[in-house]
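For reference, the structure discussed in these notes is given below.
The values are calculated or read from the model by the stated rules, or taken from the named source; none is laboratory data. Keep in mind the model is a prediction, meaning the values are calculated, not measured. Positions of Cβ are backbone-derived with ideal geometry, glycine not excepted, and every protein chain shown enters the neighbour counts. Ligands, DNA and RNA are excluded from the accessible area calculation, which covers all protein heavy atoms including side chains. Shrake-Rupley method; radii C 1.70, N 1.55, O 1.52, S 1.80 Å.
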Amino acid sequence: MSILDDSDQLKRALKPIILDIIKNDSDFKSCFRVYKATVVSVPSTVLGVTGCLVKIAGDANTMWLPYTPDVADVAVGDAVWVAVIFNSWRNAIVWQKIDFS
């Protein structure tokens, strides 16, 4: 066995443990998490709710989320950051343009 095989085996053994800690340990629940997303529909008001339709990178689903003034002028196809607080998508908001411009 090479050192690369050994390190890959160690990585596979540790990954589920580390992911479990990140997802469930109280020290990590309050972390500010950021996800890359693509704008599907520009910010607008639908049925009295202001938001922006986005699709998280690597996910087929879309989400209607509130947004900050920094992304009020995004266009369809633009990349943005979606911020999630306390690991709850109930707290998600379209936060910034991908380049923070």
For the chain, the percent of accessible surface on carbon and sulfur atoms (probe 1.4 angstrom, ligands and nucleic acids excluded) is 59
Restricting to lysines and to Cα separations under 22 Å from residue 97, and discarding same-chain partners fewer than 8 apart, the set is 36, 55
Listed by chain and number, the aspartates and glutamates with an alpha carbon less than 14 angstrom from that of residue 29, same-chain partners under 8 positions apart left out, are 20
On the formula 1/(1 + (r/R0)^6), with r taken between the Cβ atoms of residue 14 and residue 60 and R0 of 30 Å, the FRET efficiency rounded to 0.05 is 0.55
Sorted on mean Cβ neighbours within 10 Å (highest first), peptides 13-19, 67-73 come out as 67-73, 13-19
Going residue by residue through the range 32-37, the Karplus relation 6.51 cos²θ - 1.76 cosθ + 1.60 with θ = phi - 60° gives ³J(HN,Hα) values, rounded to whole Hz and with x marking Gly or Pro, of 7, 10, 10, 10, 7, 9
Within the under-15-Å Cβ sphere about residue 19, not counting residue 19, Lys/Arg +1 and Asp/Glu -1 give a net charge of +3
Ranking 99, 25 from most to least accessible area with a 1.4 Å probe gives 99, 25
Of every Cα-Cα pair in the chain, the percentage lying beyond 17 Å is 59
Helix-only [θ] at 222 nm, the chain, -39500 (n - 2.57) per DSSP H run of 4+, per residue, nearest 500, equals -8000 deg cm²/dmol
Net charge near residue 93 (other residues with Cβ under 15 Å of its Cβ; Lys, Arg +1; Asp, Glu -1) is +3
